[in-house]
Amino acid sequence: MNFLVIVLSSQLLYYLLIAQTGVVGAFDSHIHDLYTLPIGGVIGSLFGAFWRHYGIKTELCFLFGIQIIISWFYPDYSLGMLLVLGFVIGYTTPLLLYMFRSQSRGQLALGLAISYAVGTSLYTYPFLQRGDIAILLPMISVIALRYTRLQSTLYSEKQPFRWSTLGIMMLWIFADSALFETLSRSGSMDIWSHYTLLIISSHLAGVFLAYRYGGELMSQTRTIWFLFVLSYVLYWLKEPIALAVIYPIVISYYNVLLFQALIRLADIRLIGLSMVGVGWIATSAANAVALEHQIWIAAGVLGMAALMYPFYFRRLA
């Protein structure tokens, strides 16, 4: 049993079910009640990047403990508590990805597969009744972390940091989050409430395809772009069944490659700084687009990326 995979899965589930959908749903998507969450996330990511880490496992255990304490009050969060929650998530993510550098792509794919399958099955659970889930997930993280044994680094050579790669990561996160938040607020196209088993199967298919055929993130730019454009087209054509197949595949596919690219940076500072853009700036911008019902902006950004690709990104792939 690889306990580090369990830690990763439980934390991804916490972000999905509690931070991304649970808290936002409980506060009815009111930005003025939630704005300190991403602020805390940015601060936490910066602290995670620049703080001197002498015992990462100890730090993570302490932070998961704070996560448990905060979760006892779910969903009755003040702006201050949301700031702390964002800080904990922002701080722990770079550390966890740095620890995961000793794992293979197969272990990463397994962790994402577990989180997508469980997260999709629990997605329709009422926002206000997720308190037990909020407590259980960090408890699982603490227990699994206790039995985690760090192996020698699998990737001995660090991958170079490129701004173009970070830009592509932010593009995919922005396009994904904008469509996800739009669908979750759409009565007729809320596919997660109607096609649970189909979506789980599609997620697992996307993870497998990324594991078996994915390669590096930049080399898959055209494939991911095409799948995102197709997802947006299916949304506008009101084709929920087809969307429930294609959209989860592209989510899982690009996320395996994105996480792999972050992990292979093998540098906490670079991972933390990247998470500021990927985990908080891109998602916050996408949430604003969805809340203002301006999904066309995300489609326009995808179109601009297609125009830029032949002149810039292609030669860097």
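The values are calculated or read from the model by the stated rules, or taken from the named source; none is laboratory data. Note that the coordinates shown come from a computational prediction; the quantities given were computed from them, not determined experimentally. Note: ideal-geometry Cβ built from the backbone for every residue, glycine included; neighbour counts use all protein chains shown. Surface accessibility is based on the protein's heavy atoms, side chains included, excluding ligands, DNA and RNA. Shrake-Rupley method; radii C 1.70, N 1.55, O 1.52, S 1.80 Å.
Any residue in region 103-122 that is out of contact with any helix residue (DSSP H, G or I) (no Cβ under 7 Å at 6 or more places or on another chain) and either assigned to a loop (DSSP other than H, G, I, E, B) or assigned by the TED database to the domain that holds Ser193 (or both)? Checked against the condition, which is being out of contact with any helix residue (DSSP H, G or I) (no Cβ under 7 Å at 6 or more places or on another chain) and either assigned to a loop (DSSP other than H, G, I, E, B) or assigned by the TED database to the domain that holds Ser193 (or both), region 103-122 yields at least one hit.
Quick check on my filter: what residues within region 26-44 are surrounded by 17 or more Cβ atoms within 10 Å (Cβ to Cβ) and either in a loop (DSSP other than H, G, I, E, B) or out of contact with any Ser or Thr (no Cβ under 7 Å at 6 or more places or on another chain) (or both)?
Filtering region 26-44 for residues surrounded by 17 or more Cβ atoms within 10 Å (Cβ to Cβ) gives 26-27, 33-34, 36-44.
Residues satisfying the conditions are Ala26, Phe27, Asp33, Leu34, Thr36, Leu37, Ile39, Gly40, Gly41, Val42, Ile43, Gly44.
Let me confirm something: among Tyr77, Tyr98, Tyr54, Tyr15, which residue is closer than 30 Å to Leu128 by Cβ and either open to solvent by 30 Å² or more (accessible area, probe 1.4 Å) or in the same structural domain as Ile251 (by the TED database) (or both)? Explain how you work it out, then say what you get.
Numbers: Tyr77 fails: either open to solvent by 30 Å² or more (accessible area, probe 1.4 Å) or in the same structural domain as Ile251 (by the TED database) (or both); Tyr98 fails: closer than 30 Å to Leu128 by Cβ; Tyr54 fails: closer than 30 Å to Leu128 by Cβ.
Just one listed residue meets the conditions, Tyr15.
Scanning region 168-193 for residues that are among the acidic types (Asp, Glu) and either assigned to a helix (DSSP H, G or I) or surrounded by 20 or more Cβ atoms within 10 Å (Cβ to Cβ) (or both) yields Asp176, Glu181. Inspection of region 154-164 identifies at least one residue that is open to solvent by less than 10 Å² (accessible area, probe 1.4 Å) and modelled with pLDDT under 95.
A search for C-beta distances below 6 Å between a residue of region 23-52 that is among the aromatic types (Phe, Trp, Tyr) and any residue that is open to solvent by less than 30 Å² (accessible area, probe 1.4 Å), counting only pairs 6+ apart in sequence or on different chains, returns Phe27/Leu34; Phe47/Tyr91.
When region 194-216 is limited to residues that are in contact with a helix residue (DSSP H, G or I) (Cβ under 8 Å, 6 or more places away or on another chain) and among the hydroxyl-bearing types (Ser, Thr, Tyr), the one that is most open to solvent (accessible area, probe 1.4 Å) turns out to be Tyr211.
Of all residues in region 104-147, those being surrounded by fewer than 21 Cβ atoms within 10 Å (Cβ to Cβ) and polar (S, T, N, Q) number 5.
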